[in-house]
């Protein structure tokens with residue numbers, strides 16, 4: 001008999017002391033939903049593993065004579081199979097978690113960078129692009145001034161014979 005866990009409602013979210021842009025809020029909700037899906041999948045796999053173990057236990061009862069001859073071997077097989085299944089699930093969950101983290105980071109970056117650039121622009125803070133442009137102009141003017149103020153070439157004094 002497999003018991004299904006009752007799905008608990010998410011705890012109410014506390015209001016943050018600052019405004020969160022809607023795009024970031026949606027990205028976080030999407031990530032939470034995906035993590036929930038991975039959690040549900042993990043539970044499904046765990047239920048399947050439990051079912052396999054129970055089936056194996058039932059088979060042990062049915063084939064008691066065979067197992068009675070070498071019970072240690074049977075237990076080692078069950079443990080080995082369970083470890084293998086757990087390792088597969090761990091690898092799958094890890095891979096999915098990394099993919100979700102990369103996706104959330106990409107989405108947050110896509111939203112935050114333009115918002116930050118816009119805020120800096122409103123505060124009249126030059127961007128890196130603006131600074132590079134100004135530096136290039138100053139360097140060009142500096143070269144032109146150096147050319148205008150070059151000292152006259154010195155003439156060598158003639159040696160008298």
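The values are calculated or read from the model by the stated rules, or taken from the named source; none is laboratory data. Everything numeric here is computed off the predicted structure, so don't read it as measured data. Virtual Cβ from ideal backbone geometry, glycine too; neighbours counted across all protein chains shown.
What's the number of the only condition in (1) more than 22 Å from residue 33 (Cβ to Cβ); (2) surrounded by 10 or more Cβ atoms within 10 Å (Cβ to Cβ); (3) modelled with pLDDT of 80 or more that residue 66 fails to meet? Unmet for residue 66, out of (1) more than 22 Å from residue 33 (Cβ to Cβ); (2) surrounded by 10 or more Cβ atoms within 10 Å (Cβ to Cβ); (3) modelled with pLDDT of 80 or more: (3). Would you say residue 89 is assigned to a helix (DSSP H, G or I), at pLDDT 85 or above, touching a helix residue (DSSP H, G or I) at 6+ places or on another chain (Cβ under 6 Å) and under 30 Å from residue 23 (Cβ atoms)? When the stated conditions are applied, residue 89 does not pass them. From the list 42, 109, the one residue that fits, being part of a helix (DSSP H, G or I), loosely packed, with under 11 Cβ neighbours inside 10 Å, modelled with pLDDT of 85 or more and under 26 Å from the mean Cα position of the chain (by Cα), is 109.
Mind listing whichever residues of region 44-61 are closer than 14 Å to residue 84 by Cα and touching a helix residue (DSSP H, G or I) at 6+ places or on another chain (Cβ under 6 Å)?
Matches in region 44-61: 45, 49.
Those residues that are modelled with pLDDT of 85 or more and either surrounded by 11 or more Cβ atoms within 10 Å (Cβ to Cβ) or within 15 Å of residue 108 (Cβ to Cβ) (or both), I need them from region 45-62; list them, please. Hits for region 45-62 are 45, 46, 47, 48, 49, 50, 51, 52, 53, 54, 56. When residue 9 is tested against the conditions (1) at pLDDT 70 or above; (2) exposed (fewer than 12 other Cβ atoms within 10 Å of the Cβ), the lone failure is (1). Contact map, region 127-139: residues that are within 21 Å of residue 115 (Cα to Cα) paired with residues that are not in a loop (DSSP other than H, G, I, E, B), Cβ distance under 8 Å, separation 6+ or inter-chain. Pairs shown: 127/117; 127/120; 127/121. On the basis of being modelled with pLDDT of 85 or more, surrounded by 13 or more Cβ atoms within 10 Å (Cβ to Cβ) and assigned to a helix (DSSP H, G or I), does residue 31 make the cut? Yes, satisfied. Residues in region 112-142 that are in a helix (DSSP H, G or I) and over 25 Å from the mean Cα position of the chain (by Cα): 20 in all.
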